[in-house]
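*Asks:* Before we start, here is the structure in question, set down as structure tokens.
The values are calculated or read from the model by the stated rules, or taken from the named source; none is laboratory data. As the structure is a computational prediction, the values presented were derived from the model and not from experiment. With ideal geometry, Cβ positions are generated from the backbone for all residues, glycine too; neighbour counts draw on all protein chains shown. Heads up: the accessible areas ignore ligands, DNA and RNA and are worked out on the full protein's heavy atoms, side chains in. Shrake-Rupley method; radii C 1.70, N 1.55, O 1.52, S 1.80 Å.
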Amino acid sequence: MNFNFITVRLGKDSIPDIERICSSEVGVLNDSFAINVKCTQIPENYNSGDYAFIWLGSDNNKGMPTKWKQGFKAIGRVGTIMRGASYNETSETAINIVYVFNDAINRLDFLRSAPIEYYWCSNMPLIGIDDHANQTIRSVSGSSLCDIPALFCSINRICDTFKRDILKIESGFLHLFSFSIPKPKDFPDAKSIVEVKQQNNKKTTIGEAYLPYLTALRTKPFMLLAGISGTGKSRIVRKLAQATTTQHYANDSDRWDDNRPENFELIQVKPNWHNSMDVVGFYSNISKKYEFTPFVEFIVKAWQRTDTPYFLCLDEMNLAPVEEYFAEFLSAIESRSNDSEGNYITDPIIKPFKDFGETVGKNMLKHLFGEADPIDKNPLAVQFYEKGLTFPPNLMVMGTVNMDETTFSFSRKVLDRAMSVEMNEVDYDKFLSGETEAFPLLTDFNALLVNRPQKASEVKDDIDSAKVVEYLKDVNALLEDTPFKLGYRAANEAMLYVAANKELAGEKFSLTTALDEFTLMKILSRIEGDDQRLGIDENDPRIAAAHIAADTDGDPLNLLTCLRAIVRNHLGNDTHTEKKIASMCRTLEREHFVSYWG
């Protein structure tokens, strides 16, 4: 959703309006009021419904001080416009004031509190470095250093309640805050954030080997890394943390030598985990206090630094039944959404601390924050006390998986909630040359990992969603009447995955590649069974419904070979999915049972 903005400079002809704004309540107004602005030389490209930043100017022409601080003091919405017959004739614009800042915001405020953000909007009317124009109403537009997201993020740094408040007025403004503001020195030739994004797309530093991991995490912050032992599953989680941490290092090599960056935690799953106490902790009737776990304490650390991805590695995740020890997490991961104020919310992993009683609840906060009375001083403590410990937006949970006689298989409940990546390839030549150690720095992509869309409706216009849906329909037609059929969750994640891959891959983006990866992670990973369960009759109507080619390369007709035909039809030959299906078919023929997980 796009919005148009103007600035309105009030001066000596608007003293009553200035005084009314200055005497108004601050924040979102319960009783909005209108001002009427009369002036000449108004722009043509603003209309009723646009938003206006109200600047309190001077009441004299001599540069004398005013009773009020000059700067942006309010935000209004344009009502009726009575345009003059010509550019130099008087026009009248009604503006309904809906929000008032506690203190006016001027250039010095931008420079002091948000210099990086200010750079990208430093040519805007009134706040611009070289701005000397006198028109009362001006359009906030232009491609050179006039970025609206930078303006909104700047104001939010100056006034930390701005985001919360402005989203009450217009929830559609959320996307203006979901952006990583680039450092000007890193892009000296760029004149807008759009240009920065274009440059990033052209020179993306994400290698093809690591792109699926980041795409999956942007789609959903829960991943299973499966494969034989010793292929670097836990290592890649640590490398992702090292590549994204924002902590200071004396030199770059120290980053890669730090095995315990602040945004990384490794927890070893134990075979005796048969309830959630080992994950979320528990209230002890003996000690009369809540016993916390490293898992919970790491979540609290993540909440304190939501601008940085935090990686939790659950090592050997399937040594115990995941549904039993991870129940709260599995529920929370599916409850992710944004409330009416744009705040990221989930169901609680630990219920509101106040529900344990005031004494226990406040002791829980003291344990986590170490403050004498954190409930009164720390907004995060208030959140935990009132709403419980929820899943933070920047937490990435990655579980390593080995399939052998000592481990448990995954239920579809778990597979539905996770992105699955198989790591079975071993390249000894790269190992000897040291190429397996190479990993790109990813801090420029932190915001993309943290600020994720939650619904397909947010991204469907950015991708060829019709082709995605057509592919999923054919797959589901084949999976009809089987326990492997896809639901709305899978369709939502397919859209999100393709959109995430497009953002991260830039010029390397391929819809075919994205759907190939998604098929491995979310479709093929669900399929398992014996000859009878996966068998399919040549007269089965599902074959025709799914547009499956008659040629199956001489292989027996079954669910896997039919799926391969669909993949070929939509994605072409020589995909990773086709190779995996071929391997699974050989296993099924040899052992009469097959699972994606080996």
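*Asks:* Which residues, counting only those in the stretch 19-48, are surrounded by 16 or more Cβ atoms within 10 Å (Cβ to Cβ) and more than 40 Å from the chain's Cα centre (by Cα)?
*Replies:* If the condition is that a residue be surrounded by 16 or more Cβ atoms within 10 Å (Cβ to Cβ) and more than 40 Å from the chain's Cα centre (by Cα), then Val37, Cys39, Gln41 are the ones that fit.
*Asks:* Which one is nearest to Glu470 (Cα to Cα), of the residues in the stretch 575-597 that are open to solvent by 50 Å² or more (accessible area, probe 1.4 Å) and within 32 Å of the chain's Cα centre (by Cα)?
*Replies:* Restricting attention to the stretch 575-597, the residues satisfying the condition of being open to solvent by 50 Å² or more (accessible area, probe 1.4 Å) are 576, 579, 586, 589-593.
Of the ones still in play, those that are also within 32 Å of the chain's Cα centre (by Cα) are 576, 579.
On the way: His576: 20, Lys579: 22 Å.
The qualifying residue nearest to Glu470 (Cα to Cα) is His576.
*Asks:* Just one of (1) open to solvent by less than 30 Å² (accessible area, probe 1.4 Å); (2) farther than 15 Å from Met398 by Cα; (3) in contact (Cβ under 8 Å) with a residue 40 or more places away in the chain; (4) touching an Asp or Glu at 6+ places or on another chain (Cβ under 8 Å) trips up His274, so point out which.
*Replies:* (1)
*Asks:* Something else about it: For the stretch 517-530, indicate whether the set of residues that are on the phi > 0 side of the Ramachandran plot, outside any helix (DSSP H, G or I), surrounded by 15 or more Cβ atoms within 10 Å (Cβ to Cβ) and not charged (D, E, K, R) is non-empty.
*Replies:* Let us first name the residues in the stretch 517-530 that are on the phi > 0 side of the Ramachandran plot, namely 529.
From the residues that got through so far, the ones that are outside any helix (DSSP H, G or I) too are 529.
Still in the list and also surrounded by 15 or more Cβ atoms within 10 Å (Cβ to Cβ): 529.
From the residues that got through so far, the ones that are not charged (D, E, K, R) too are 529.
Looking for residues that are on the phi > 0 side of the Ramachandran plot, outside any helix (DSSP H, G or I), surrounded by 15 or more Cβ atoms within 10 Å (Cβ to Cβ) and not charged (D, E, K, R), one finds at least one in the stretch 517-530, hence yes.
*Asks:* Any idea which of Glu422, Glu437, Glu405, Glu458 is modelled with pLDDT of 85 or more and either exposed (fewer than 13 other Cβ atoms within 10 Å of the Cβ) or within 20 Å of Ile527 (Cβ to Cβ) (or both)? If you could, list the steps in order and put the result at the bottom.
*Replies:* Details: Glu437 fails: modelled with pLDDT of 85 or more; Glu405 fails: modelled with pLDDT of 85 or more; Glu458 fails: either exposed (fewer than 13 other Cβ atoms within 10 Å of the Cβ) or within 20 Å of Ile527 (Cβ to Cβ) (or both).
Result: Glu422 is the single residue among Glu422, Glu437, Glu405, Glu458 that is modelled with pLDDT of 85 or more and either exposed (fewer than 13 other Cβ atoms within 10 Å of the Cβ) or within 20 Å of Ile527 (Cβ to Cβ) (or both).
*Asks:* If you don't mind, there's one more thing I want to ask. Of all residues in the stretch 3-18, how many are of a type outside the set (A, V, I, L, M, F, W, C) and in contact (Cβ under 8 Å) with a residue 24 or more places away in the chain?
*Replies:* First, the residues of the stretch 3-18 that are of a type outside the set (A, V, I, L, M, F, W, C): 4, 7, 9, 11-14, 16-17.
Restricting the remaining residues to those that are in contact (Cβ under 8 Å) with a residue 24 or more places away in the chain gives 4, 7, 9, 11-13.
Within the stretch 3-18, residues that are of a type outside the set (A, V, I, L, M, F, W, C) and in contact (Cβ under 8 Å) with a residue 24 or more places away in the chain number 6.
*Asks:* Which one of these does Asn251 not meet: (1) open to solvent by less than 20 Å² (accessible area, probe 1.4 Å); (2) without any contact (Cβ under 8 Å) to a residue 24 or more places away in the chain; (3) not basic (Lys, Arg)?
*Replies:* So Asn251 meets the others, but not (1).
*Asks:* Working only within the stretch 26-39, note down all residues that are more than 25 Å from Phe177 (Cα to Cα) and touching a residue at least 60 places away in the same chain (Cβ under 8 Å).
*Replies:* In the first step, residues of the stretch 26-39 are kept if they are more than 25 Å from Phe177 (Cα to Cα); the result is 31, 33-39.
Correct list: Phe33, Ala34, Ile35, Val37, Cys39.
*Asks:* On to the next question. Can you report the number of residues in the stretch 366-395 which are aromatic (Phe, Trp, Tyr) and open to solvent by less than 10 Å² (accessible area, probe 1.4 Å)? Quick ask: steps written out before the conclusion?
*Replies:* First, pick out the residues of the stretch 366-395 that are aromatic (Phe, Trp, Tyr): 369, 384-385, 391.
Then drop every residue that is not open to solvent by less than 10 Å² (accessible area, probe 1.4 Å), which leaves 384, 391.
Matching residues across the stretch 366-395 total 2.
*Asks:* What number of residues within the stretch 317-342 satisfy the criterion of being surrounded by 20 or more Cβ atoms within 10 Å (Cβ to Cβ) and of a type in the set (Asp, Glu)?
*Replies:* The total comes to 0.
*Asks:* Among the residues in the stretch 343-351, are any in a loop (DSSP other than H, G, I, E, B), surrounded by fewer than 19 Cβ atoms within 10 Å (Cβ to Cβ) and either at pLDDT below 85 or in contact with a Leu (Cβ under 6 Å, 6 or more places away or on another chain) (or both)?
*Replies:* yes
*Asks:* Kindly check whether there is at least one residue in the stretch 49-63 that is within 32 Å of the chain's Cα centre (by Cα), without any contact (Cβ under 8 Å) to a residue 40 or more places away in the chain and not in a loop (DSSP other than H, G, I, E, B).
*Replies:* For the stretch 49-63, residues within 32 Å of the chain's Cα centre (by Cα), without any contact (Cβ under 8 Å) to a residue 40 or more places away in the chain and not in a loop (DSSP other than H, G, I, E, B): absent.
*Asks:* Scan the stretch 70-83 for residues that are in a strand (DSSP E or B) and open to solvent by 70 Å² or more (accessible area, probe 1.4 Å) and report the count.
*Replies:* The total comes to 3.
Residue by residue, here is whether (1) touching a residue at least 60 places away in the same chain (Cβ under 8 Å); (2) open to solvent by less than 20 Å² (accessible area, probe 1.4 Å); (3) in contact with a His (Cβ under 8 Å, 6 or more places away or on another chain); (4) not hydroxyl-bearing (Ser, Thr, Tyr) holds:
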| site | (1), (2), (3), (4) |
| --- | --- |
| Phe110 | no, yes, no, yes |
| Ser113 | no, no, no, no |
| Trp120 | yes, yes, no, yes |
| Gly128 | no, yes, no, yes |
| Ala133 | no, no, no, yes |
| Thr136 | yes, no, no, no |
| Ile148 | yes, no, no, yes |
| Asn156 | no, no, no, yes |
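*Asks:* For Ser229, are the conditions met, namely being surrounded by fewer than 18 Cβ atoms within 10 Å (Cβ to Cβ), more than 14 Å from Leu389 (Cβ to Cβ) and free of Cβ contacts under 8 Å to residues at least 12 places away in the same chain? Don't jump to the end; show me each part of the working.
*Replies:* On the way: surrounded by fewer than 18 Cβ atoms within 10 Å (Cβ to Cβ): yes; more than 14 Å from Leu389 (Cβ to Cβ): yes; free of Cβ contacts under 8 Å to residues at least 12 places away in the same chain: no.
So Ser229 does not fit the description; no.
*Asks:* I'd like the full set of residues that are more than 27 Å from Arg83 (Cβ to Cβ) and of a type in the set (Gly, Ala, Ser), limited to the stretch 118-143. Even if it seems obvious, please write down each step before you answer.
*Replies:* Of the residues in the stretch 118-143, the ones more than 27 Å from Arg83 (Cβ to Cβ) are 118-122, 129-130.
Answer for the stretch 118-143, where residues must be more than 27 Å from Arg83 (Cβ to Cβ) and of a type in the set (Gly, Ala, Ser): just Ser122.
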